[in-house]
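Here the structure comes first, spelled out in structure tokens, and everything after it is commentary.
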Amino acid sequence: MTALVSVMNKHAVVIAADSAITVTTPYGHKVINSANKVFALSKYHPVGIMFCGNANFMSTPIEVIVKLYRKQLKDRCFATISEYLSDFLGFIKNNHYFCSAEMQNANMENEIENFYTLVFKIAANTANEKKSLFLNEFILQLNSIVVNSCENCTSFQNFLEKDFVQSIKGHCAKIIAKHEDVFGDNAPLKRLFIKAFAKFVAHGNSNFANETQIVVVGYGDKEIFPSLRSVCLYWGFYEYFRYNSYISAGITEDNSASICRFGQTDIINTFINGINDNLKKALYDIFGNFTSQLKNLMINNVDTQYSKDIINSAIDEGKLVATLGATLDNIIRETSIAPLMSSLGILDKEDMAELVESLISITHLNRRITMSEEGVGGPIDVAIISKGDGFVWKKRKHYFKPELNQMFFDNYFRS
């Protein structure tokens, strides 16, 4: 895992990231504290990119893809940050996701297998492992996915299910054949499984194991103030590129400050909100339990059924909990978030850089002194992007000594 932060106001946008990545292999997992996650997306224009999650997309390192994109971009620019992101995604797709057709096929079959395992486990748990009930529950879960998958992810807005089903039918057949004990000769079940997988793929809230969050931030050529766009990348399969829009933010005349965080955000959220996420959730649970107990106590202390009915109809537990929750959110907004955003709006570049670095540092400190896995760590890279000065490194780690590698800097604008 990792932690990324972006702080924007009308002067600039400052971004920061730690250097930790977790590498998982069949032999275990290891945290490496030397990853690069922040890059200039253009050598000539004020645009940066950072990422978290899986460091590879379809087996190719994100760092390699970014630098290949930057090389072909040269001095071209786009009017908005959204256009930069769209062009970057198009670059990935036009280069066949930087992997072979065999890799795309193997990855798709792995996704189908993961989908089967997901549905199988849910059905088995619901049926309490009773074989007589399992098949009915398995079918019920598949039907539920078909019926409830409504809103498509960003890249599948114009999705034609029939065409996608045709393209994956052969791969699904391989997975179905591996689980003949479940599917047997049940042709309708096989068709339902394929349809459910297609719905699952298109649905915006579906989760996949390999996810990379890409954040493009800075200034488009026609933008006076900075903006940020992010997407979650999942996989590519021929013409089907699955990604979903994530966080979008921007500075306007009316919105003078913004702070966005990605990856492990719990400690940063505590700083911004003035309350720990787990404590906030616990308070909501307390509200629910308290209102339920209060209602039962009142009902148990009246004698007539008429009085009980009055209390029962007068106290709407859900509405009361929602009111208490809204009150808490308003207190958090007025006492913590609003004052912070007001201050962020007038900070200069140096103070913003110190803030983002400190937010990453306190997250690392928390992971180091608690029993949590140290998924945030290593050197912190900090970059300042402004309309006039462009992309400027405030802090940057090098795997080499700059004074011994002058040719690296001489060649930077040649490639």
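No lab work stands behind these numbers, since they all come straight from the coordinates. What you are looking at is a predicted structure, and each value in this text was computed from that prediction instead of being measured. As a convention, Cβ positions derive from the backbone with ideal geometry for all residues, glycine included, and neighbour counts pool all protein chains shown.
Listed by chain and number, the lysines whose C-alpha is less than 25 Å from the C-alpha of Lys71, apart from same-chain residues fewer than 8 away, are Lys37, Lys43, Lys93, Lys222, Lys387, Lys394, Lys395, Lys397, Lys401.
When the Gaussian network model of the chain links Cα atoms closer than 10 Å, the mean-square fluctuations of Phe134, Phe115, Phe98 top out at Phe134.
Of the residues Ala17, Ala322, Tyr69, the one whose Cα sits farthest towards the positive end of the charge dipole of the chain is Tyr69 (charges of +1 on Lys and Arg Cβ, -1 on Asp and Glu Cβ, taken about the Cα centre). The alpha-carbon atoms of the chain, seen along their principal axes, cover 83, 60, 43 angstrom, with the largest extent given first. Farthest towards the positive end of the charge dipole of region 280-415, among the residues Ile299, Gly288, Ile385, is the Cα of Ile385, using unit charges on the Cβ of Lys, Arg, Asp and Glu.
Remark on region 277-336: ratio of C-alpha radius of gyration to 2.2 N^0.38 Å is 1.38. For the pair region 66-89 and region 177-194, the centres of their Cα atoms are 45 angstrom apart.
Backbone N atoms of region 76-103 closer than 13 Å to the 7 Å Cα→Cβ label point of Thr60 belong to residues 88-101, 103. Dipole orientation for region 107-201: of the candidates Gln166, Asn186, Val119, Asn186 has the Cα lying most toward the positive pole (charges on Cβ; Lys, Arg +1; Asp, Glu -1).
In the elastic network of the chain, a GNM with C-alpha springs shorter than 10 Å, the most mobile of Val216, Val14, Val146 is Val146. What the phi angles of region 25-39 give under the Karplus curve with 6.51, -1.76 and 1.60, with θ = phi - 60°, is a coupling list of 10, x, 9, x, 10, 9, 9, 10, 9, 9, 7, 9, 10, 10, 9 Hz, glycine and proline written as x. The peptide list 374-384, 168-178, 349-359, put in order of mean Cβ contacts within 10 Å with the highest first, becomes 374-384, 349-359, 168-178. Label separation (Phe159 vs Asp410): 5.3 nm, computed from points 7 Å beyond Cα along the C-beta direction. Within the chain, helices built from complete DSSP H runs that reach 15 Å or longer along their own axis (Cα positions) and carry a mean Kyte-Doolittle hydropathy of -0.5 or higher are 62-73, 81-94, 101-126, 131-148, 161-178, 187-202, 277-300, 317-332, 349-369. Restriction of the GluC sites (Glu not before Pro) in region 90-178 to DSSP coil positions whose beta-carbon has at most 13 other beta-carbons within 10 angstrom yields Glu129, Glu151. Extension gain for the segment Tyr284 to Gln72, taken as residue separation times 0.36 nm less the Cα-Cα distance, is 71.2 nm to one decimal. Here region 277-336 is assigned +1 on the Cβ of each Lys and Arg and -1 on the Cβ of each Asp and Glu. Its dipole about the Cα centre then comes out at about 60 debye.
Evaluate the charge dipole of region 101-202 about its Cα centre and quote only its size in Debye, nearest 20, assuming +1 on the Cβ of each Lys and Arg and -1 on the Cβ of each Asp and Glu.
240
The spacing between region 1-40 and region 254-325, judged by their C-alpha centroids, is 35 Å. Using a Gaussian network model of the chain in which every pair of alpha carbons under 10 angstrom is joined by a spring, one finds that among Ile369, Ile385, Ile311 the greatest mean-square fluctuation is at Ile311. What dipole magnitude, in Debye to the nearest 20, does the chain give about its Cα centre under +1 on Lys/Arg Cβ and -1 on Asp/Glu Cβ? Its charge dipole is roughly 840 debye.
Over the C-alpha trace of region 283-415, radius of gyration and Dmax come out as 27.6, 90 angstrom.
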